[in-house]
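Each remark here refers to the structure printed beneath this line.
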Amino acid sequence: MSTGTLPAWRQWLRGLSQCAFQANETTGALFAAAVAVYSVRMAGLYLLGAAVGTLVARLARANAELLDLGLFGFNAALIGLALGNFFEAGAAVWLWATVLGAVATLVAVAMVRWLPWPFLAAPFIVTLWAVWPFVGDMGLTKIDFDAFAPAPVHWVMAVLAAPGQLAPCARRGPRCVGCRGHRRAGRRRGRRDQRRFHRLQRRARGAGGVCAYRP
């Protein structure tokens, strides 16, 4: 383990770009600028989170390859965005963006070392979910988005409807007419792409070349 082959500022910007699964400094800078157009405060939290994540990962001697890709700054950057989005402005938001960004990064470092599969945004999700019930005690005030009218939660129906959201639809289970339509459309596109591939392959062979197209 090491601090990576890239300088810290490049790892930091790549952490910003990983919000769209990119590892590019220019993309990260453009993302920060885009967030700033919406909210300078959220852009600051975004930049802070990625900086904290990158620094903590370097101090923890995290996986050098993932550090260079910006994947440790990425989760901490998401923490900054989430706190800026869900909670009212105040000093507590900046404090906890720093603390929870560090925690999410350490969770990511641990997942890399102990789990055999990619972690992606799991450290951010686990960290935010873990503290969500206690945010009132942390001095954070939730923003009331009032997106849905108050209503009782029917847990059984919600669980049954959840698989249908993969399509997406809100029918109970994934086998509604719309879902079947999505699957049929996908199969038709697959067959069409396959026919195109074979047609281009025959033409390429006739010209003495190789078809580079893949469906």
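Hey, can you rank 114-127, 5-18 by average C-beta count inside 10 Å, highest first?
With the highest mean Cβ count within 10 Å placed first, the list reads 5-18, 114-127.
Each Lys or Arg adds one and each Asp or Glu subtracts one; over the other residues with Cβ under 13 Å from the Cβ of Pro7, this totals +1. Considering the stretch 1-55 at the alpha-carbon level, its Rg and Dmax are found to be 11.1, 38 Å.
How large is the Kirkwood hydrodynamic radius of the stretch 1-148, counting all unique pairs of alpha carbons, in Å?
Final number for the Kirkwood radius of the stretch 1-148 is 15.0 Å.
Amide H to amide H distances under 5 Å link Phe87 with Ile143, where only residues 5 or more positions off or on other chains count and H is placed in the peptide plane. When peptides 31-41, 53-63 are sorted by average Cβ neighbour count within 10 Å, with the highest value leading, the order is 53-63, 31-41.
Quick note: the coordinates plus some simple rules give every number you see, no bench work behind them. The shown structure was predicted, so the numbers you read here are calculated from the model rather than taken from an experiment. Every residue, glycine as well, gets a Cβ built from its backbone with ideal geometry; the counts of neighbours run over all protein chains shown.
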